[in-house]
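Engineer: This is the structure I want to talk about, given as C-alpha cells.
The values are calculated or read from the model by the stated rules, or taken from the named source; none is laboratory data. On a predicted model such as this, the values are computed, not experimentally measured, just so you know. Neighbour counts are summed over all protein chains in view; Cβ atoms, including those assigned to glycine, are modelled from backbone coordinates with ideal geometry.
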Amino acid sequence: MPDFCVVIKTDGKDKWIDKKPIQWKKIGYQKTVELLISSGIVGLGGATFPSHLKLTKKDHGTKLTTLIINAAECEPYITCDDMLMRERIDELIKGINLLHDFLEFEESIISIENNKVEAIEKIKKAIINEKNISLKIVPTIYPSGDAKRLIYLTKGIKIPKNTRSSELGIQMFNVATIVAIYRFLEFGEPSLSRIITITGNIKKPRNYEVLFGTPLEEIIIDAGGQKINNKTFIMGGPMMGFALPSIQVPVTKAMNCIISAEPKMLKNDSPVLPCIRCARCAEACPVELQPQELYWFSKSKQLDKVEQYNLFDCIECGCCSYVCPSNIPLVQYYRFAKSEIIEERQHQEEANIARERNEFRLARLEREKIERAERNAQRRAQTSSDEKSKLVEEKRKAIQEAMERVNKEGGDSL
C-alpha cells in the first residue's frame, strides 16, 4: 500500500563501521536482548515478527526446552533458505549452538523438507559431532513451512487454539533469522540485507543477497529481465503472495521471493459457480477447519457464526481455493470476514473507551458534587458553631456586666 518513505542518500563508499562482537556472556541476558532490539533483526521467513520477543527463557512459567529450526520453505518457487543452508551451513550451525546456549534449550531440531537434497547432505555432515542438534526430514507438502504445521510434523504436537508454542516449551526460528542473530552477536553486524529469490518468468532465475532498500528493478535487470514482458510481479509465493504496484518498490525484510508472474498465474477465466458441498476444501485444509461453512457465514456476514467456526485459525494458505471445483475465491471471503471482525472490534473498543470516559466524567462530576456539598455543610456547621460561641460569649458578658452593676449599686447604698 502507498505510504510515506524515507530516502537515504548514501556516500557510495560501501564501507562497514567498526564492528564489535557482542560479549553476551559478560553483559548478561537482559542487556543482550536490548542490543538485539537495536539490531533490527526480525523473522526473515516472511512474517517479520520481532526476534527479541522470542528470546525469552520462560512463557507463562513454562521453561523453553526445544528449539525447532524452520528449514522448510513456506511456499513453492521460494529457494532462498535452501540456498542459505547450502552456502552458509557453518554459520547456521554456530547460530543454533549460540541460541541453544543463550536460551538454555535441551534439544535443537532442524526440520527440513525432503526435496532439499543438497542442503540435507550438508546438514548431516555438519552435525555429525553435534550432541544437541538433530535433523528431522518432513514431507514436502504445502504448507509445511507454517509454524504450527511444522511443529506437528516434527514433534507430533498440536498447538491448541489461542496458545503459543512457547507455552508448551517450544520455540521456532527461521534459518535466515538464526544466521542474522549469529552475525550480530559474533561480529556486531545489524540487519542490513537478506537473501531473496527472483524466479518465474525470468531469463536467469536465481537467489540474490540484497541490501534493504535496493530498488527491485535493479535486481530484475541483473537477472536478465522477463521472458514475456507483462510487468506483473508477485511478492511472496504463488499461493499467498500479492501483486506489486511497481518494480520501483524497495527490498524489505519481508521480501523473501519475487515471482515474475507467468500469464497463467495472473488470471483465472473460469467462472465462479455455486458451492456443491463436495468437501474437497475440508480435505485440503491443513488446520482442519470447515472452509465451506466459513464461506457461507462470511458471505452472509454472520460474523458471530464465523468466529465460532474458528476463522482466525485460518492461515490463508489458499489450499481450499486451489482445489475448489467451483472456482470460489474462498480465501478472499475469509480475509473479508476477518477485516470486518477486526473493524467491529476496533469500533467496539472505541465505544468502550468512550463509555468509560463518560462514566468517569459522570463519576467525577458526582464526586465533585458530593465534595462540594460536604464543604458547604462543613462551612455551615462552622458558621453555626461560631455564631453559637458568639452568643454564649455575649450572654456571658451581659451576665458579668449585670453582676458588676448589682455589686456596684449595693456598695453605694451601704
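Engineer: Select, from Ala254, Ala261, the only residue that is surrounded by fewer than 18 Cβ atoms within 10 Å (Cβ to Cβ), among the small types (Gly, Ala, Ser) and touching a residue at least 12 places away in the same chain (Cβ under 8 Å).
Structural biologist: Within the list Ala254, Ala261, the selection yields Ala254.
Engineer: Can you tell me which of Lys338, Lys305, Lys301, Lys369 is out of contact with any Pro (no Cβ under 9 Å at 6 or more places or on another chain), outside the structural domain of Ile159 (by TED's automatic domain parsing), not acidic (Asp, Glu) and not in a helix (DSSP H, G or I)? It would help to see each step written out before you state the result.
Structural biologist: Values: Lys338 fails: not in a helix (DSSP H, G or I); Lys305 fails: not in a helix (DSSP H, G or I); Lys369 fails: not in a helix (DSSP H, G or I).
Exactly one residue qualifies, and that residue is Lys301.
Engineer: Now for a different question. Within the stretch 311-325, can one find any residue that is more than 25 Å from Gly145 (Cβ to Cβ), free of Cβ contacts under 8 Å to residues at least 40 places away in the same chain and either crowded, with 16+ Cβ neighbours inside 10 Å or not assigned by TED's automatic domain parsing to the domain that holds Gly237 (or both)?
Structural biologist: No; the residues of the stretch 311-325 include none that is more than 25 Å from Gly145 (Cβ to Cβ), free of Cβ contacts under 8 Å to residues at least 40 places away in the same chain and either crowded, with 16+ Cβ neighbours inside 10 Å or not assigned by TED's automatic domain parsing to the domain that holds Gly237 (or both).
Engineer: Quick check: anything in the stretch 376-384 over 38 Å from the mean Cα position of the chain (by Cα), among the charged types (D, E, K, R) and surrounded by 10 or more Cβ atoms within 10 Å (Cβ to Cβ)?
Structural biologist: yes
Engineer: Report, by residue number, each residue of the stretch 10-40 that is modelled with pLDDT of 85 or more and closer than 18 Å to Pro250 by Cα.
Structural biologist: Answer for the stretch 10-40, where residues must be modelled with pLDDT of 85 or more and closer than 18 Å to Pro250 by Cα: just Gly40.
Engineer: Which condition breaks for Ser246 when tested against (1) of a type in the set (Gly, Ala, Ser); (2) in contact (Cβ under 8 Å) with a residue 12 or more places away in the chain; (3) within 24 Å of Cys80 (Cα to Cα); (4) surrounded by fewer than 19 Cβ atoms within 10 Å (Cβ to Cβ)?
Structural biologist: The failed condition is (2).
Engineer: From (1) over 23 Å from Thr177 (Cα atoms); (2) in contact with a helix residue (DSSP H, G or I) (Cβ under 7 Å, 6 or more places away or on another chain), pick out the condition that doesn't hold for Ile8.
Structural biologist: (2)
Engineer: Could I ask something else about it? For the stretch 69-154, please list each of the helices (runs of 4 or more DSSP H) lying entirely inside it that holds at least 2 residues being acidic (Asp, Glu) and under 25 Å from Leu185 (Cβ atoms).
Structural biologist: 80-87, 89-102
Engineer: Out of Gly188, Gly213, Gly224, Gly200, report the one residue that is without any contact (Cβ under 8 Å) to a residue 40 or more places away in the chain and either small (Gly, Ala, Ser) or within 17 Å of Ile96 (Cβ to Cβ) (or both).
Structural biologist: Result: Gly224 is the single residue among Gly188, Gly213, Gly224, Gly200 that is without any contact (Cβ under 8 Å) to a residue 40 or more places away in the chain and either small (Gly, Ala, Ser) or within 17 Å of Ile96 (Cβ to Cβ) (or both).
Engineer: Consider Glu118 against the criteria (1) surrounded by fewer than 18 Cβ atoms within 10 Å (Cβ to Cβ); (2) in contact with a helix residue (DSSP H, G or I) (Cβ under 8 Å, 6 or more places away or on another chain); (3) closer than 19 Å to Ala180 by Cβ: it satisfies all of them except one. Which criterion is unmet?
Structural biologist: Among (1) surrounded by fewer than 18 Cβ atoms within 10 Å (Cβ to Cβ); (2) in contact with a helix residue (DSSP H, G or I) (Cβ under 8 Å, 6 or more places away or on another chain); (3) closer than 19 Å to Ala180 by Cβ, Glu118 violates only (3).
Engineer: So how many residues does the stretch 189-243 have that are assigned to a strand (DSSP E or B), surrounded by fewer than 19 Cβ atoms within 10 Å (Cβ to Cβ) and of a type in the set (D, E, K, R)?
Structural biologist: 2
Engineer: On the given criteria, is Glu316 of a type in the set (D, E, K, R) and outside any helix (DSSP H, G or I)?
Structural biologist: On the way: of a type in the set (D, E, K, R): yes; outside any helix (DSSP H, G or I): yes.
Judged against the criteria, Glu316 is a match.
Engineer: When you check Ile178 against the structure, is it under 22 Å from the mean Cα position of the chain (by Cα) and either outside any helix (DSSP H, G or I) or not assigned by TED's automatic domain parsing to the domain that holds Leu311 (or both), yes or no? If you could, list the steps in order and put the result at the bottom.
Structural biologist: Values: under 22 Å from the mean Cα position of the chain (by Cα): yes; either outside any helix (DSSP H, G or I) or not assigned by TED's automatic domain parsing to the domain that holds Leu311 (or both): yes.
Yes.
Engineer: Scan the stretch 17-33 and give yes if some residue there is free of Cβ contacts under 8 Å to residues at least 60 places away in the same chain, assigned to a loop (DSSP other than H, G, I, E, B), charged (D, E, K, R) and farther than 20 Å from Phe105 by Cα, otherwise no.
Structural biologist: yes
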